[in-house]
Amino acid sequence: MDIRIGYGFDSHAFKPGVPLKIGGLIIDHPEGLAGHSDGDVLLHAITDALLGAVSAGDIGSFFPPEDPRWKGADSSVFLNLAMEEIQNAGFRIVNVDTTLVLNAPRIGPIAAEMREKVADLLCVVPSNVGIKAKTPEGLNVDHVAQAHAVVLLERIEDPGELQTMSAVMESQRQLEDVVRDLVNQVQGVGVKSPFDTDDIT
Ligand code: MG
């Protein structure tokens, strides 16, 4: 069996006045994560793990933080590109395991919901996604969220499956476009993103 392993890491500082988004979930918390994008530290780590597994570079090489197109971007955009990269390389996800390191909020009560959200974004079943969390004991990084991710990939043997995956990802992309258009209509185009900082992705 042709398999690959990938590892990703990311960290973002907490910052008042922005929504907290981790694993694609908006979490009720007094502070969010600073970032050029939406600061989703977990999706960034998974994106790097996927890219690393097929030697396709890292998130910064595809989405340079100085590029204004990614200001306030939904990090699922980064994840989708990484999924396309592994698919183009002829691989699919077997499973993903992750560890978040942060003092607050507590992830345990929302881990199941986060697992379902991440699984949905990765087009896998929730039983193939691990979401774990620890506090940063002794690390002296109380105001930071860190994420570690490992992925296992296997080569797709059936060309028909490759086409099916492409169709699923395309329909997901179309759905995202519709939602984005609706949000723009409701909010008005050109509204400043709540994740408006100059920090890196
Ligand atoms: Mg990041």
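If R0 is 25 Å, the Cβ-Cβ spacing of LEU175 and SER127 corresponds to a FRET efficiency of close to 0.60. Among the GluC sites (Glu not before Pro) found in region 17-125, those both in a DSSP coil and sparsely packed, with 14 or fewer other Cβ atoms within 10 Å of their Cβ, are GLU66.
At the residue level, ARG180 shows approximately 100 square angstrom of accessible surface with a 1.4 angstrom probe and all protein chains present. For the chain, the Cβ-based charge dipole about the Cα centre amounts to some 340 debye (Lys, Arg positive; Asp, Glu negative; other atoms uncharged). Excluding same-chain neighbours fewer than eight residues apart, the aspartates and glutamates reachable from LYS15 by a Cα-Cα span under 18 Å are ASP28, GLU31, ASP38, ASP40, ASP74, ASP142, ASP196, ASP198, ASP199. Per-residue SASA remark: VAL125, around 80 Å² accessible (1.4 Å probe; ligands, DNA and RNA not included). Hydrophobic long helices, here whole DSSP H runs in the chain with Kyte-Doolittle means of at least -0.5 and Cα atoms spread over 30 Å or more along the helix axis, are found at 159-187. Computed with a 1.4 Å probe over protein heavy atoms only, the accessible area of ASP74 comes to about 60 Å².
Taking every alpha-carbon pair under 8 Å whose residues sit at least 6 apart, the chain reaches a relative contact order of 32 percent.
Shown in residue order for region 93-106 are the 3J(HN,Hα) couplings computed by the Karplus curve 6.51 cos²θ - 1.76 cosθ + 1.60 at θ = phi - 60°: 6, 8, 7, 10, 10, 9, 9, 9, 10, 6, 7, 7, x, 6 Hz (x for Gly and Pro). Across LYS132, LYS15, the residue with the most accessible area heads the list, and the full order at a 1.4 Å probe is LYS132, LYS15. Helix-only arithmetic for the chain: the sum of -39500 (n - 2.57) across DSSP H runs with n ≥ 4, divided by the residue total, places the mean residue ellipticity at 222 nm at -11500 deg cm²/dmol.
Enumerate the whole-percent occupancy of each 5 Å bin, from 0 to the last occupied one, for all C-alpha pair distances of the chain. P(r) for the chain, in whole percents per bin: 1, 8, 15, 20, 21, 17, 11, 5, 2, 0, 0.
The values are calculated or read from the model by the stated rules, or taken from the named source; none is laboratory data. Computed from a prediction, not measured in an experiment: that's the story for all the values here. With ideal geometry, Cβ positions are generated from the backbone for all residues, glycine too; neighbour counts draw on all protein chains shown. These area figures cover heavy atoms from the full protein model, side chains too; ligands, DNA and RNA do not enter into them. Shrake-Rupley method; radii C 1.70, N 1.55, O 1.52, S 1.80 Å.
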